[in-house]
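Some notes on the structure that comes next.
Throughout, read-outs are computed from the coordinates displayed, never taken from laboratory work. Predicted model, so just to flag it, every value in this text is computed and none were measured.
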Amino acid sequence: MLRSLEIKATLSELEDAHRDHVFWEPTIELSLDCFICERVGRTTALKLGDERAVCISRRDYKHFAAARISAFDVTSQDALLVLRAVIDFWWVPFQDAKRGGNATPLSRWVRLQYGCYCPHQEASGKGSIQTNVRRPWSPRCGECKKEIAVDAEVPSIRLLV
């Protein structure tokens, strides 16, 4: 059956010089239970515009997964950069082929990528935030090493359908 997850994330207190140069990358990695390899908690990589995702089921094996980014909305106001994304994916109940646990349509973990252009060094860099890190913390520019924002809230993951 078709299911949907909504992911929301916020970077706050954007630093003045970098404020207009920090942006969300249209790529997402999240934990999904994969009915193809019948394993729970697989890292699934998605790119905006792709019609399917990639399930990274083992270090040496990847396969396509029935998932895609169906919405990717970014808003920027004052010193906030907010992302709202919707992931559509096919899900069926199953038991994990290795450990026997039951599959669930709700993701437990997400990693979101951001990009930053450094006006001081005139170079670009990337970084990421994810659900399983200690907060608050301040991402730094990869070029000038200045704190560019505050990551104070865990990205939210909500099952829609």
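For the range 111-161, take N as its residue count and report Rg(C-alpha) divided by 2.2 N^0.38 Å.
1.34
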Report task. Please report, largest first and rounded to whole Å, the three semi-axes of the ellipsoid equivalent to the range 13-74, where each semi-axis is the square root of five times an eigenvalue of the C-alpha gyration tensor. Result -> 30, 13, 9
Query raised in the report: Convex hull over the alpha-carbon atoms of the chain: what's its volume per residue in Å³?
Result: 118
Query raised in the report: Can you list the HN-Hα couplings for the range 26-31, worked out from phi with the Karplus curve (6.51, -1.76, 1.60; θ = phi - 60°), rounded to whole Hz and with x for Gly and Pro?
Result: x, 10, 9, 10, 8, 8
Report summary line: Taking the chain, the lysine pairs whose C-alpha atoms sit under 29 Å apart (8 or more places apart or on different chains) add up to 14
Requested in this report: Calculate one ³J(HN,Hα) per residue across the range 75-87 by plugging θ = phi - 60° into the Karplus curve 6.51 cos²θ - 1.76 cosθ + 1.60, and present them in order as whole Hz with x for glycine and proline.
Outcome: 10, 10, 8, 6, 10, 10, 10, 10, 10, 10, 10, 10, 10
Query - Between the range 74-112 and the range 1-25, the alpha-carbon center distance in angstrom - result: 15
